[in-house]
1. Between Phe122 and Thr11, how many nm apart are label points set 7 Å from Cα along the C-beta direction?
2. Amide H of Phe33 versus every other amide H placed in the peptide plane: which residues, excluding those fewer than 5 positions away on the same chain, fall under 5 Å?
3. For the chain, modelled as a Gaussian network with Cα springs under 10 Å, which listed residue fluctuates most, Leu105, Leu56, Leu14?
4. Round to the nearest 0.05 the FRET efficiency obtained for Lys41 and Val151 when R0 = 30 Å and r is the Cβ-Cβ distance.
5. Using a Gaussian network for the chain with springs between C-alpha atoms less than 10 Å apart, which of these wobbles most: Gln85, Gln26, Gln131?
6. Return a single number: how many Lys pairs in the chain, at a sequence separation of 8 or more or on separate chains, have alpha-carbon atoms below 27 angstrom apart.
7. Which one, Arg20, Arg106, Arg147, has the greatest fluctuation when you compute a Gaussian network model over the chain with C-alpha springs under 10 angstrom?
8. What's the whole-number percent of alpha carbon pairs in the chain lying beyond 26 angstrom?
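Derivation of every value follows stated rules applied to the coordinates shown; laboratory data play no part. What you see is a predicted model; the values in this text were computed from it and never measured. Ideal geometry is used to build each Cβ from the backbone, glycine not excepted, and the neighbour counts take in all protein chains shown.
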Amino acid sequence: MTGLHRLYALTHSLYSGRARAYLIKQGITFQEFSTGHESFKAEVLPKGKLATIPTLVTPSGDVIRDGAAIIEHFESANGRPSQPQGACQQIISALFDVIGHDGLLRPAMHYRWNYPAENFQFVHHHFLYAQRDTPERAEKTEHMMNRMRQVTEVFGVPSNLSR
Ligand SMILES: N[C@@H](CCC(=O)N[C@@H](CS)C(=O)NCC(=O)O)C(=O)O
């Protein structure tokens with residue numbers, strides 16, 4: 001492995017997008033791997049415990065799971081480069097963060113899963129290519145997509161497909 005940070009993420013994952021954007025914006029050099037990469041199961045899961053993304057592995061091998069924790073890791077080490085100076089701006093910034101992370105989650109999931117005519121091909125493509133090219137690839141893709149459909153309902157977004 002290299003001496004770079006490793007970001008385990010999926011191309012189309014909203015939370016991955018937040019962590020990825022932070023790393024790019026801060027000029028932090030990293031390599032991105034999908035959760036289908038063999039190192040995720042072999043090296044990352046034993047330390048991270050839960051298979052969620054984004055998960056970051058530092059060059060020294062520490063595993064940081066959760067986008068907020070990843071951002072905080074760099075913010076606290078580097079004098080909070082992303083935090084605005086003024087108190088009002090800090091409140092607005094925190095509001096953007098919570099609205100982006102939590103408030104828009106349900107609309108995002110609704111439009112992703114309840115409009116297959118527009119989105120199925122895109123979502124399926126990215127779930128498929130996140131998996132290693134094994135004979136079980138199609139089955140794993142189906143399993144992952146069904147799991148995310150279930151999670152979407154748990155978030156409070158009912159499926160409108162059978163109506
Ligand atoms: N609060 C976490 C949420 C991470 C999260 O829920 N990620 C989703 C994908 S976008 C996930 O890994 N889900 C896996 C699962 O539910 O099995 C963060 O911001 O990192």
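1. In this crude label model, Phe122 to Thr11 measures out at 1.2 nm.
2. Leu7, Tyr8, Ala9
3. Of the options given, Leu105 has the highest mean-square fluctuation.
4. Details: r = 20 Å, r/R0 = 0.67.
E between Lys41 and Val151, to the nearest 0.05, is 0.90.
5. Looking only at Gln85, Gln26, Gln131, the largest GNM fluctuation is found for Gln85.
6. Numbers: Lys41/Lys49; Lys41/Lys140; Lys47/Lys140; Lys49/Lys140.
Lysine pairs meeting both conditions in the chain amount to 4.
7. Highest fluctuation among the options: Arg147.
8. Numbers: 4683 of 13203 pairs.
Across the chain, Cα pairs with separations above 26 Å total 35 percent.
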